[in-house]
Every structure is written in C-alpha cells, then in structure tokens.
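The values are calculated or read from the model by the stated rules, or taken from the named source; none is laboratory data. Computed from a predicted structure; not experimentally measured. Neighbour counts run over all protein chains shown; Cβ positions are idealised from the backbone, glycine included.
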Amino acid sequence: MQTLAALLTPTIAIIALMIAFLQWRTAHQKVVLDLFERRRKVYDEVHNIIVYFWTNDGNLTGFHAGQRLAHAYAESRFLFGEEISNAINSLKATILDLSALKGKLEKLPSDGVAREENIERIIDLEKIFETWPLTFSELCMPYLKLDQRRIRTPMEWLRDRNNLRLSHADDVSLSRRP
C-alpha cells in the first residue's frame with residue numbers, strides 16, 4: 001500500500017507536467033494565429049486601398065488613399081519586416097504622384113509637349129501600380145504562411161526517437177553481415 005502511495009505523487013507530477021506542456025502548446029499556437037490574423041488584416045487593407053484608388057475618381061481620392069496607407073504603414077512596422085513597410089511607403093508615394101499628375105493633366109492645354117510628357121509619366125506610374133499587387137504579395141508571402149512547425153507531443157517525440165533508433169540498428173546489423 002505504501003508503494004502505491006509513493007508512486008502516486010510522481011504520477012500526479014508527470015500528469016501535471018503533461019497538462020502544462022499541452023496548455024503552453026495551445027497558447028503558442030493561439031499567438032501564432034493571432035499574429036497571422038493581424039498581418040492578414042494589414043495585407044487586405046493595402047489591397048483594398050489599391051482597389052479604392054483604381055475605382056474612385058475625384059480630387060481627394062489620392063489623399064484618402066494616402067491617409068489609409070499611412071495607417072497601414074504604421075501597423076506594418078510592428079508586424080512585418082522593414083521591406084514591407086518600405087513597399088507600403090513606395091505605394092503611397094506612387095499614389096500621391098499619380099494623383100498629382102492626373103490633377104495637373106486636367107489643367108494643361110489639350111495639346112502640347114507638357115501634356116504628352118505628363119501622360120507618359122502617368123502611364124509609367126500606372127504600369128508600376130499595376131504590377132505592385134503581385135510584387136507586394138510575393139514580399140508578404142513569408143509572413144503570411146502558417147508554416148510554424150507544430151510542436152510534437154511527448155508520445156510523438158518518443159515514437160520518432162524510437163524510429164530513429166531502429167533505423168540505426170538496421171544500418172548496423174546490415175553492415176555487420178559478411
């Protein structure tokens with residue numbers, strides 16, 4: 001009877017350790033998922049701003065898009081690497097330049113060298129703007145993958161170690177054969 005009582009304490013301790021480990025693993029996975037959701041929110045907001053800018057006309061469209069991008073930039077600084085924040089800033093500059101050139105185009109005479117140069121600059125910026133979503137998606141891809149390695153349970157770890165041990169035993173037994 002005393003033996004069972006003596007074994008009960010270590011058994012309870014082992015069970016408590018397993019429960020603590022599983023709770024830690026669950027909390028870790030929740031943090032990873034929360035970070036993914038916050039990053040995805042910024043990513044979606046940037047793409048929504050692009051759609052907003054392309055589909056709306058008006059004097060303040062570029063300004064409003066720039067304001068929204070400034071907010072996305074502020075959030076991205078803490079969630080992504082520096083390259084994402086720089087890309088958002090470059091998009092903001094492109095949008096503001098494009099808006100300014102379109103506003104200037106309306107004030108230029110209908111024919112002339114200045115108007116043609118302005119149109120060429122607008123076309124160049126629109127080409128950059130058209131390829132930007134794909135480039136931005138490629139930049140964000142490493143941050144938006146949920147490829148964090150799943151933490152194995154103690155039983156999975158023991159099974160993997162045993163399989164590794166058995167695989168070495170097979171190699172040794174094969175090498176000893178004449």
Self-check item: Residue check, L134 modelled with pLDDT of 85 or more and surrounded by 14 or more Cβ atoms within 10 Å (Cβ to Cβ)
Solution: no
Quiz item: Which of the residues belonging to the range 55-81 are part of a helix (DSSP H, G or I), touching a residue at least 24 places away in the same chain (Cβ under 8 Å) and under 18 Å from A100 (Cα atoms)?
Solution: T61, G62, F63, A65, G66, L69
Exercise. Take the residues in the range 80-117 that are touching a Leu at 6+ places or on another chain (Cβ under 6 Å) and of a type in the set (K, R), then tell me which one is nearest to L60 (Cα to Cα).
Key: K92
Quiz item: Of these, L164, L146, L139, which one is under 30 Å from H28 (Cβ atoms), at pLDDT 85 or above and surrounded by fewer than 11 Cβ atoms within 10 Å (Cβ to Cβ)?
Solution: L164
Quiz item: Looking only at residues in the range 105-115 that are surrounded by fewer than 11 Cβ atoms within 10 Å (Cβ to Cβ) and among the charged types (D, E, K, R), which one is farthest from T94 (Cα to Cα)?
Solution: D111
Practice problem: Looking only at the range 103-116, decide whether some residue is of a type in the set (A, V, I, L, M, F, W, C) and within 35 Å of the chain's Cα centre (by Cα). | Solution: no
Quiz item: If you check every pair at least six apart or on different chains, which have Cβ atoms under 6 Å apart with a residue in the range 12-34 that is within 17 Å of E156 (Cβ to Cβ) first and a residue that is surrounded by 13 or more Cβ atoms within 10 Å (Cβ to Cβ) second?
Solution: R25/I151
